[in-house]
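Encoded as structure tokens, the structure appears first; notes follow it.
The values are calculated or read from the model by the stated rules, or taken from the named source; none is laboratory data. Computed from a prediction, not measured in an experiment: that's the story for all the values here. Backbone-built Cβ (ideal geometry, glycine too); neighbour counts: all protein chains shown. Only protein heavy atoms, including side chains, enter the accessible area calculation; ligands, DNA and RNA are left aside. Shrake-Rupley method; radii C 1.70, N 1.55, O 1.52, S 1.80 Å.
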Amino acid sequence: MLQENSIKLSSSYAVASKVKDYSQLMKFNLTFMVVFSSVVGYLLVPGVEFNLVKVLLLFAGGLLVSGSANTINQIWERETDKLMARTAVRPLPSGRMNVSEAVILATVTGVAGIFVMGYCFNLLSALLSLVSLVMYAFLYTPWKKWNSLAVLVGAFPGAMPLLIGWAAGANDLSLGGWSLFAIQFLWQFPHFWAIAWIAYKDYARAGFKMLPGSGEPNKYTALQAAMYTLLLIPAGVAPYLLKITGSISAIVAILAGVFFLYRAINLYRKNDVPAARKLMFGSYIYLTIVQLAQLLDKA
């Protein structure tokens with residue numbers, strides 16, 4: 001009896017450990033935010049009402065596609081991940097999982113996610129999901145070792161969830177979808193530069209070139225971040241001007257944009273890691289508040 005219980009506990013631990021590894025490989029924490037953006041894009045389509053089944057299907061499709069892209073990203077970077085403290089514990093660099101298993105996971109989740117988008121919504125959203133996956137996994141990921149334009153390349157698949165969600169609801173690529181895409185596209189530059197500033201030593205050790213100009217954390221990088229946060233203020237008003245959202249969300253977007261700009265200016269002034277960390281957290285605050293305001297204030 002004691003031996004049976006021991007075997008059951010061992011089996012349960014093995015399953016839990018494997019689930020944890022898959023979660024790390026697919027980056028579920030990061031993926032949740034990506035998928036939430038897709039749901040926002042879908043629900044902001046004029047005439048689309050909240051439908052729990054549809055939202056869950058969109059969430060599942062986005063989770064699978066994003067998880068596949070993240071898995072491929074870690075397959076590409078398994079050797080460089082060994083060089084960075086925060087990534088060395090991932091399943092592939094630590095040796096807890098082999099490449100073949102990761103490839104199978106990426107293939108199954110990618111195909112399943114695109115199928116969900118095509119079958120449950122439309123072919124346009126499925127095609128955009130495929131484009132997003134390919135751009136992130138096969139363009140952005142290797143580009144990080146070439147030059148800092150990787151952030152520009154990565155901003156396209158990074159903002160694609162809004163467009164995918166819009167396409168899932170509207171079955172077109174009208175201005176409304178592009179206005180939402182533009183906000184998340186611009187947002188990514190100060191967001192990723194703040195992260196790259198904080199993790200500069202780790203990234204440099206792995207050979208990743210993520211910061212603009214000389215590639216070092218300096219006032220030029222902070223100035224670039226401030227410029228993009230400034231552009232976010234008019235971009236945040238665009239959905240209101242296109243009659244997708246109401247005036248309240250436009251006011252919220254302006255106020256959140258000013259707050260985000262303040263954090264970027266503070267980085268320019270102080271030029272240090274604590275200010276970069278504040279900008280990073282400020283980016284999360286900005287996007288969350290703006291998207292929730294847009295949902296609650298749909299025209």
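Some observations on this one:
- Max mean-square fluctuation residue, GNM over the chain, Cα-Cα springs under 10 Å, options Leu186, Leu152, Leu261: Leu152
- Alpha-carbon centroids, region 162-238 and region 61-132: separation in whole Å: 22 Å
- Between Phe281 and Ile251, the FRET efficiency from the beta-carbon distance, with R0 = 35 Å, is close to 0.95.
- Where labels lie 7 Å past Cα in the beta-carbon direction, separation of Lys243 and Asn98 in nm: 6.1 nm
- Given Lys20/Lys145; Lys27/Lys219; Lys219/Lys278; Lys144/Lys201, the pairs whose alpha carbons are separated by over 21 Å: Lys20/Lys145; Lys27/Lys219
- For the chain, the membrane-span-like helices by this rule, meaning whole DSSP H stretches whose C-alpha atoms cover at least 27 Å of axis and whose Kyte-Doolittle mean is 0.5 or above, are 52-76, 99-120, 150-170, 175-198, 219-241, 247-270, 273-296; this says nothing about an actual membrane.
- For the chain, a Gaussian network of Cα nodes joined below 10 Å ranks Val65, Val151, Val273 by mean-square fluctuation, and the top entry is Val273.
- Unit charges on C-beta of K, R, D, E only; dipole of the chain, Debye: 740 debye
- Estimated inter-spin distance, Lys219 and Lys82, nm [label 7 Å along Cα→Cβ]: 4.2 nm
- Taking only protein heavy atoms and a 1.4 Å probe, the accessible area of the chain is 70% carbon and sulfur.
- Pairwise label distance in nanometres, Thr288 with Lys18, each label 7 Å out on the Cα-Cβ vector: 3.4 nm
- For trypsin sites (Lys or Arg not before Pro), the sites in region 180-258 that DSSP calls loop and that have at most 16 other Cβ atoms within 10 Å are Lys243.
- For region 16-172, the dipole from Cβ point charges (+1 on Lys and Arg, -1 on Asp and Glu) about the Cα centre works out to 480 debye, to the nearest 20.
- Remark: the chain carries 48 Å² of accessible area per residue (probe radius 1.4 Å; ligands, DNA and RNA excluded).
- On the basis of the beta-carbon distance and an R0 of 45 Å, Lys270 and Val48 show a calculated FRET efficiency of 0.55.
- For the chain, the residue among Val99, Tyr203, Ala293 whose Cα projects farthest onto the positive side of the dipole built from Cβ charges is Tyr203.
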